[in-house]
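The values are calculated or read from the model by the stated rules, or taken from the named source; none is laboratory data. Given the structure is predicted, the values throughout are model-derived calculations rather than measurements. When we count neighbours, we look across all protein chains shown, and the Cβ atoms used for this are built from the backbone with ideal geometry, even at glycine. Note: accessible area is taken over every heavy atom of the protein model, side chains too, but ligands, DNA and RNA are not part of it. Shrake-Rupley method; radii C 1.70, N 1.55, O 1.52, S 1.80 Å.
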Amino acid sequence: MVIYYPYRAQGRSRDAPAVFPKSCFPLARAVVLLWCRAMTNGMSSHTFTGEKLVCIRGERVVFSGLGFHLAAGEALLLLGPNGSGKSSLLRLMAGLLKPASGRLAWGGDPVADDREAHAARVHYVGHHDAIKPVLSVFENLRFWARLHDPASGAGLARAARDRMGLARLADVPGKLLSAGQKRRLNLARLLAAPATLWLLDEPSVALDRQSVKVLEAVIAEHRAAGGMVALSTHADVDLPGARELHLDHFAVAPEAAMGVWG
Amino acid sequence: MLGLSTPSGFVRFAKAVSPWLWVASALLIGGGLYFALLVSPADYQQGQTVRIMYIHVPSAWLGMMGYSVMALSSAAALIWKNPLADLVAKASAPVGACFTFLCLATGSLWGKPMWGTWWAWDARLTSMLILLFLYFGYIALQNAFDDPGRGARAAAILALAGFVNVPVIKFSVDWWKTLHQPASLMKMSGPALHPSMLTPLLLMVAGFTCFYVAVLMVRVRSEILAAKIRALRLSEIHSVQAAGVADGVAG
Amino acid sequence: MNRLFEIIRRDLRLALRQGSDSVMVVTFFVLTVILFPFGIGPEANILERVSPGVLWVTALLASMLSLDRLFQADYEDGSLELLALTPTALEVLVIGKVAAHWLTTGLPLMVAAPVLAVLLHMNADGFLALLATMLIGTPILSLIGAMGAALVLGARRGGVLLSLLVLPLYIPVLIFGVGAIDAAIQGLETGAQLLLMGGILLAALPLAPLAAAAAVRQARE
């Protein structure tokens, strides 16, 4: 049962930095930043930006001087070898980690000022699927949907469940699910309660090709509706027009990685 | 403030101050012992055993001060994210625990001739015993994590929670004590202590405090070095890994 | 508010489906209390004398037994991260979890305590005080315990460590709890002890979730 959703035409120019050679990247980014600021001043669409972010994990500087920019409808693809900080960056964006220094802002306002407001517009999918073995698929999904937004209706959760191909598994307890089914249930959270910013940490792990296609379609729809996506992956997830962020460009020299103890 | 809040600033300060602290603690403790053992009189009730007091009371004082230093620097570490404050708290815990143990041990030695038993559920001793376990919990929690940063943060929260609880525990133990037992034989007459006993006691307290601060500085400096070594190792692992990946690509 | 009830409901449902925790806690409570007559002899007057202390000490241990699952399961399967990302104060969610923990352990302990008091020949004058101290005291145990459970998340030997952290902090509850029952048996006023316990509860109600939430936040990093 393949459901194919054609990507809708999108009227935004998303890939401005990609058309420049890499050496122009900072300049291009600055231009885009200014342009976006100017464009979004009087508009309701938002931007999510990071400036000069430094991440320290276990006394090691993972990356520093990292900046990114996401506007409505855009996607950010995080690339880099193991340990380059892809997961850490997504956790920083979610607010699960605090940057050692630097600034995360939503439409110009620092995210740290109102953590709850930020949590309300974020969906985070990490390595763990957060599924209770004794609750059924639908109970698991419904719990997270209502916790995210108590007003979210059962209809939305049902639609999310069906979209992720879990309709027939609705009453199956979580302990009987396969790894791929668990991942699909975790991804169904994205649709069960709406949020603007999706942070997906290797979402395609354990998914079959068909489910990856569904995920790609869901992401495309989300972007077409003005949503934002930041995604890290080792496999191929097709994100048309996504910007790429290479985290190894922001790694620090071993001497500098010593932080305050140097 | 003197650049004390950074590791390198602290090391400079500690290097300058430590020798003086060692000299001061040696002089104060030496003088205190001279007065305590040779000059001051024996108690008319307790006899020579009263001289245990000159170790017991300063130990109790430092056991409590060690916990306070630990809790306050934990608060500083949590609020200002100062890496040095974490190390001060970590360094203070074993020293304070040792003094608390010394207080309990001398209390027990003092108890044998006074109460005729090695241990009595005296309110003060019982509170110190609980304090010792609070120290143990703190030290155990600190060492229970693979990431020393996590251990430090968890232990800092525990230190603060314990600090809030200490007065409650102290009060409840006092209350429990008055309910269950007649007032103990030991009467610490407090401010009415005769000057010939008060002088050595104060000298010992001052000497012990200098000693505590000096040991604390040694421990903080070694913790700074340990953190440096860990950071060096980690950065080494990272660069080796990066080189390995590059080699793999080249090969 | 809705989220608070949502999480209580979910934790209760989990406890109900998994079924074991409440039953295990009460079983441990009963079994440990039953051991005492074997240890100190069946003479009614001795058992009567020690019954308040035995009941309270055993209740402390039983309540502690279930603590390490309070956050650990959510920590392991990633739920705790998502809970921390809920658009509400983490403290509220911690209160929800504590409430569910009390309903599944503190409340059954309270129900079992009078039965065990009969087995230990406790003087009938003490029963009301026993229930009252359990009612005020067991929530304090859950609150302080939640803080300890959050602190040991991800630690090596978390279970043993938890008892080392939590038991010293339980001492005031033990002292006042037993004190109130003893006073009632001796025909004295119990108001002071109950008020003191109430004071501890009122202080722990905001402070313990605050500390537990801080501990959860640093655990997920």
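Looking at the range C:150-157, can you tell me whether even one residue there is open to solvent by less than 10 Å² (accessible area, probe 1.4 Å), in a helix (DSSP H, G or I), closer than 17 Å to B:Ala144 by Cβ and touching a helix residue (DSSP H, G or I) at 6+ places or on another chain (Cβ under 7 Å)? Scanning the range C:150-157, I find at least one residue that is open to solvent by less than 10 Å² (accessible area, probe 1.4 Å), in a helix (DSSP H, G or I), closer than 17 Å to B:Ala144 by Cβ and touching a helix residue (DSSP H, G or I) at 6+ places or on another chain (Cβ under 7 Å), so the answer is yes. Filtering the range B:16-25 to residues that are touching a residue at least 60 places away in the same chain (Cβ under 8 Å) and either touching a helix residue (DSSP H, G or I) at 6+ places or on another chain (Cβ under 6 Å) or open to solvent by 60 Å² or more (accessible area, probe 1.4 Å) (or both) leaves B:Ser18, B:Leu21, B:Trp22, B:Ala24, B:Ser25. Each residue in the range A:112-128 was checked for being free of Cβ contacts under 8 Å to residues at least 40 places away in the same chain and within 16 Å of the chain's Cα centre (by Cα), and 3 pass.
At least 3 residues being open to solvent by 30 Å² or more (accessible area, probe 1.4 Å) and away from chain A (no Cβ under 14 Å) is the threshold, and among the helices (runs of 4 or more DSSP H) wholly inside the range C:35-106 those reaching it are C:44-65. Name the residues in the range B:132-147 that are open to solvent by 20 Å² or more (accessible area, probe 1.4 Å) and at the interface with chain C (Cβ under 7 Å from one of its Cβ atoms), would you? B:Phe133, B:Phe136, B:Ala140, listed by residue number.
Restricting attention to the range A:155-176, the residues that are more than 13 Å from every other protein chain (Cβ to nearest Cβ) and open to solvent by 30 Å² or more (accessible area, probe 1.4 Å) total 14. Residues in the range B:35-53 that are in a helix (DSSP H, G or I), in contact (Cβ under 8 Å) with a residue 12 or more places away in the chain and more than 21 Å from the chain's Cα centre (by Cα): B:Phe35, B:Ala36, B:Leu37, B:Val39, B:Thr49, B:Val50, B:Arg51. Residues in the range A:90-111 that are within 14 Å of chain C (Cβ to nearest Cβ) and under 15 Å from the mean Cα position of the chain (by Cα): A:Leu90, A:Arg91, A:Leu92, A:Met93, A:Ala94, A:Gly95, A:Leu96, A:Leu97, A:Trp106.
Scanning the range C:46-75 for residues that are touching a residue at least 12 places away in the same chain (Cβ under 8 Å), closer than 26 Å to C:Ala183 by Cα and of a type outside the set (A, V, I, L, M, F, W, C) gives C:Glu48, C:Ser51, C:Pro52, C:Gly53, C:Thr58, C:Ser63. Applying the selection to the range B:108-131, what residues are within 14 Å of chain C (Cβ to nearest Cβ), touching a residue at least 60 places away in the same chain (Cβ under 8 Å) and within 26 Å of B:Ala156 (Cα to Cα)? Correct list: B:Met128, B:Leu131. Restricting to the range B:16-32, name every residue that is under 22 Å from B:Leu225 (Cβ atoms) and more than 21 Å from the chain's Cα centre (by Cα). Across the range B:16-32, the qualifying residue is only B:Ala16.
Here C:Leu135 fulfils each of the conditions (1) away from every other protein chain (no Cβ under 11 Å); (2) buried (at least 24 other Cβ atoms within 10 Å of the Cβ) apart from (2).
Residue-level analysis places C:Ser22 outside the set of residues that are among the small types (Gly, Ala, Ser), in a helix (DSSP H, G or I), touching a residue at least 40 places away in the same chain (Cβ under 8 Å) and within 30 Å of C:Ala183 (Cβ to Cβ).
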